[in-house]
Structure formats: C-alpha cells, structure tokens
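**Q** To start, I am sharing the structure in question, which I have written as structure tokens.
The values are calculated or read from the model by the stated rules, or taken from the named source; none is laboratory data. Please read these numbers as outputs of a predicted model, since none were measured by experiment. Note that each Cβ is placed from the backbone with ideal geometry, even for glycine, and that neighbours are counted across all protein chains shown.
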Amino acid sequence: MTTYNHEKSVRCVVCGTSGPQIILTSSNTLEGPDLDTRPGEMLRSTMEHWLQQCHSCGYVAEDLTEERPDASAVVSSPGYKTLLHSTNYPDLARKFLLKAHMDQVLGAPHDAAPSLLSAVWACDEYGSPTQATACRKQALALIQGAFEHNSFLFEDKGTTVAILTDLLRRAALFEQSDTLIDDQAPIIAEPLIRKLLCFQKYLIGRRDVGMHKISEAHAFGGDPPEAN
C-alpha cells in the first residue's frame, strides 16, 4: 500500500520560498526489480515524489528544508540553470539529473549515482529511449570512473558490477559489458550476482537491449562461470 502526506507546505532552504510538496510516507512492491534494480510496482509509481523541487528557485533535494553547504551557489551556477531549463529530458528525469548534478559538484558521487540511475528509469518510464541512453552514459562515466579506483558507488563490488553490466548492455555497449563480465565474474563469490552475470552473458549474445527482471535470471538455466 502506498500512502502520502498530501500538500504539505515546505520552505526551501535555498531561497526561503514556501510551497506545497506531496510527501511519500510509505509504499510496497508487488513484483521484483529489474536487472538494474529499478523497483517493481507499486513503489515504481511513486518516483514522482522521491525528490522535492522548489517551485521558485528550482532546488532539488530529498528534503528541501535540510541545510546543505554551498547548495545556493550550485543552484545559481550556469550549469544548474541550463539543466533546469532544458527541454531535452522528461520532467521527472530532469529532476533526478539536477539532484545528481548537485551531488557531483558538491563531491558526493555515492549520492549522485542513484540519482542518475533514477533518471534512466524515468526516461524508460516515459518512453524516451534516446534520453535514457544519454542518462545511462552519464551514469556509466561516473560509476566506471570510481570503479577504476576501486570505489564502488553502490552497496558493494558485486552489486556495482551487476548494475554496470546492465547499463552497458542497455546502452548497446555489448563488447564492454561482455569484457566486464569476463573480468569480474570469476572472482565474484555471491551466487545471485554470478547468476545475474550469466544471464547478462546470454542477453549480450542475443544483442538484447531490453528491460529484464531479476526473476528471469533466477529462472535462467545457464551455468555461471567458475569462481576463483
């Protein structure tokens, strides 16, 4: 069940303007996530309310009332303003991209990565494949850059590899995705991650760029590579 606190007045910490925000208070899932961890319904349909956006200055945050050093400077910057007024992305995707931009400028890549992934999901949800690919490539640049320095922007190395593999495949970067699996699968011990990578190998072989669920990987009959 999904519940909201409707039309709560929230004061923006950046510009001081108060305005209505719909607050998500709870939700649940009735189906499993996609391979890139996009949640199933009903949680998926709440994405519109995962972030708050000031109706005056355009500041985006999980909570507009929380102080964040230098947030005002970022909101006033040309880069933020250009993205704020861009019509290149669906509105929901742009909201997540603004949050990711803020996080990257303020040196918080672990917060930026999930926002970029959410922007991908928003583009998928609104049927914008070109924009979804552009968002995937932005996410890849950030996540791969950190990965090369042994920094994992999701909960652990295995999860990061699984998400990277799906981002690469769905951006039609099949060779890169296949190479990543060949490099990492033999040294990953987690059975679920190994199963996911095995299924990704199968999809890459079919040049499949579509959305698939983790439940499909569970049902897949292929054998994962041997762990070292």
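**Q** Somewhere in region 157-172, is a residue more than 21 Å from residue 40 (Cα to Cα), in contact (Cβ under 8 Å) with a residue 40 or more places away in the chain and buried (at least 17 other Cβ atoms within 10 Å of the Cβ)?
**A** No.
**Q** Looking at (1) more than 16 Å from the chain's Cα centre (by Cα); (2) over 24 Å from residue 9 (Cα atoms); (3) in contact (Cβ under 8 Å) with a residue 24 or more places away in the chain, which one does residue 101 not meet, given that it meets all the others?
**A** Only one criterion is unmet by residue 101, namely (1).
**Q** Name every residue in region 94-109 that is over 11 Å from residue 53 (Cβ atoms) and either in contact with a strand residue (DSSP E or B) (Cβ under 9 Å, 6 or more places away or on another chain) or not charged (D, E, K, R) (or both), in order of residue number.
**A** Of everything in region 94-109, those that are over 11 Å from residue 53 (Cβ atoms) and either in contact with a strand residue (DSSP E or B) (Cβ under 9 Å, 6 or more places away or on another chain) or not charged (D, E, K, R) (or both) turn out to be 97, 100, 101, 102, 104, 105, 106, 107, 108, 109.
**Q** Among the numbered criteria (1) surrounded by fewer than 19 Cβ atoms within 10 Å (Cβ to Cβ); (2) in contact (Cβ under 8 Å) with a residue 40 or more places away in the chain, which single criterion is violated by residue 76?
**A** The one condition residue 76 does not meet is (2).
**Q** Counting only residues that are touching an Asp or Glu at 6+ places or on another chain (Cβ under 6 Å) and among the aliphatic types (A, V, I, L, M), which one in region 191-222 is nearest to residue 172 (Cα to Cα)?
**A** So the residue we want is 204.
**Q** Could I ask something else about it? Of all residues in region 24-46, count the ones that are surrounded by fewer than 15 Cβ atoms within 10 Å (Cβ to Cβ), at pLDDT 85 or above and not in a loop (DSSP other than H, G, I, E, B).
**A** 1
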